[in-house]
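Below: one structure, written as structure tokens.
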Amino acid sequence: MEARDHELKRELAATLQARGELGPEYESALVDSFLEKVEQRLDSTMDRRVRRHLAEQQVTAARGPGAARPPSAAGVGTAGAAAGFGERFGFAVVSLVLAVPLSAIGVVNAGIEGLVVAWLGIVGVNAVHAAHYGGLFRQRERRRAVPEWQE
């Protein structure tokens, strides 16, 4: 991109030099020529962006409706996209691995009541995670307006 900026600066310098050599009577033609080059550059940049966006939409459509969208296409963070199997499985594994020491700490410090409290916390965290990524909180996100360019 910097090379293109350098090229545009060089074109502007050439236009200003030509104006100095040719005089003010050619000023409008020189400005029109420079503005045409700037417009061509903007058009090519916009064309690239539109093609990239369309390609992202086609990839998303090819993956199917159940596939999670990347954060850049979703318009929101990963919390807005459906959790994939790997993320859910990883959360479950971490939860079970942490359950062992939490259970031991609860039993040593408070007996059976400590064990119950530890497991209530583990179940609560897993229930909130499952509800959030399972779709119970997704209705609010469906009501959000989708920008026209994403449709």
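The values are calculated or read from the model by the stated rules, or taken from the named source; none is laboratory data. Here the structure is a predicted model, which is why all the values come from computation and not from measurement. For accessibility, only protein heavy atoms count, side chains too; no ligands or nucleic acids. Shrake-Rupley method; radii C 1.70, N 1.55, O 1.52, S 1.80 Å.
Residue by residue through the range 108-113, which ³J(HN,Hα) values in whole Hz follow from phi under the Karplus form 6.51 cos²θ - 1.76 cosθ + 1.60 (θ = phi - 60°), with glycine and proline marked x?
3J(HN,Hα) across the range 108-113, in whole Hz: 5, 8, 9, x, 5, 5.
Which whole-Hz ³J(HN,Hα) couplings does the range 44-54 yield from phi under the Karplus relation 6.51 cos²θ - 1.76 cosθ + 1.60, θ = phi - 60°, glycine and proline marked x?
5, 5, 5, 4, 4, 5, 5, 4, 5, 5, 5
HN-Hα J couplings of the range 11-20 from phi, Karplus 6.51/-1.76/1.60, θ = phi - 60°, integer Hz, Gly and Pro as x?
5, 5, 4, 5, 5, 5, 5, 5, 4, x
Note down the accessible area of residue 7, probe 1.4 Å, to the nearest 10 Å².
90
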